[in-house]
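Just below is one structure, and these are the notes that go with it.
Any read-out appearing in this document is the output of simple, stated calculations on the displayed coordinates, not a laboratory observation. Note that the structure is predicted; figures quoted are calculated from it, not measured. Using ideal geometry, Cβ is built from the backbone for each residue, glycine included, and neighbour counts are taken over all protein chains shown.
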Amino acid sequence: MLPPKLVILDLDLTILDTLKRFYGTFNKTLEEFGLNKVSWDIFMDNFKRDTLNNILPANINRRMFWEEFRRLYSRWMHEEDKPIPGALETLKWLKQKGFKVVVSTGRDADPTDIWRELRHFGLDKYIDDVFTINMQDRSVERIPFLRTDLLRLILKKYMVDTSNAIFVGDYWVDMESGKETGLVTIAVLTGYKEPDLLKRHGADYILKDISELPKLISDMGFFD
């Protein structure tokens with residue numbers, strides 16, 4: 001039997017629009033560290049430029065801050081959380097074409113928490129598996145949210161080599177994770193990061209959003 005074709009998808013800002021939750025969680029984490037909340041405008045300015053660390057005082061341990069952030073992320077939902085436009089249609093298309101579809105997330109959460117959200121949004125039936133960052137060896141995470149080890153675990157579980165898998169994400173660390181693993185790595189711009197930044201960190205292709213993935217896969221001949 002031939003190995004499956006595997007599509008690995010990041011979760012937040014790739015298939016789910018959780019930007020308001022990101023903002024809320026960032027402020028909750030600031031409060032956990034005894035710091036003041038920031039306004040939406042200040043948050044967005046720094047989020048787009050990937051300079052949120054600049055908001056933190058020098059005495060705050062950045063790694064500890066982001067570890068707490070990702071623990072808090074799945075403990076609540078924002079009323080404006082919703083699938084990225086075109087995500088449902090793209091997931092349906094992938095399943096119709098026979099791909100294995102795996103969600104990989106930088107949230108420090110149990111996979112059951114992610115499955116609950118996917119069911120809430122009606123996406124779960126089109127997903128085969130969920131891997132969260134707490135399933136990987138933390139000692140190899142040299143950059144917060146780096147998922148190289150997690151991607152390798154996914155490839156190993158499905159007995160797929162990198163020629164039969166692609167990784168889609170929105171953040172430059174996603175791009176580094178994919179390239180370090182040897183995967184074709186696809187960036188979506190729904191994470192508000194500049195295309196040049198994503199390219200510098202390893203994006204092979206850049207899409208406006210997840211709705212453009214079926215056409216790219218077709219153009220790549222990935223399912224042939």
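Remarks
- Taken about its Cα centre, the chain carries a charge dipole of roughly 260 debye when the Cβ of each Lys and Arg holds +1 and the Cβ of each Asp and Glu holds -1.
- Point-charge dipole on Cβ atoms (K/R +1, D/E -1) for segment 1-109, about Cα centre, debye to 20: 480
- Here the spin labels are modelled as points 7 Å beyond Cα on the Cα-Cβ line, and at A58 and Q96 they lie 5.8 nm apart.
- Cα-centred dipole magnitude for segment 108-224, charges only on beta-carbon of K, R (+1) and D, E (-1), debye, nearest 20: 60
- Lysines with Cα under 22 Å of K48, excluding same-chain neighbours fewer than 8 positions away: K20, K28, K37, K82, K193, K199, K208
- Cleavage-rule hits (GluC sites (Glu not before Pro)) in segment 1-108: DSSP loop, at most 12 neighbouring Cβ within 10 angstrom: E79, E80
- Put in line by how crowded their Cβ is, counting other Cβ atoms within 10 Å and starting with the fewest, D149, D219 read D219, D149.
- Separation of the N46 and F33 label points, Cα + 7 Å toward Cβ, nm: 0.8
- Pairwise FRET efficiency - K156 versus L189, Cβ, R0 = 41 Å, nearest 0.05: 0.85
- Taking the number of Cβ atoms within 10 Å of each Cβ as an exposure proxy, the fewest-first ranking of T181, T132 is T181, T132.
- Distance between the 7 Å Cα→Cβ label points at V140 and K82: 3.9 nm.
- Per-residue Cβ neighbour rank within 10 angstrom, fewest leading, K28, K193, K48: K48, K28, K193
- Calculated log₁₀ intensity ratio I(q)/I(0) where the Debye formula runs over C-alpha points of segment 19-75, q = 0.19, 0.28, 0.29 Å⁻¹: -0.62, -1.39, -1.46
- Shape class of segment 77-181 from the Cα gyration tensor (axes a ≥ b ≥ c, square roots of the eigenvalues): oblate, since a/c reaches 1.5 or more and a/b does not exceed b/c.
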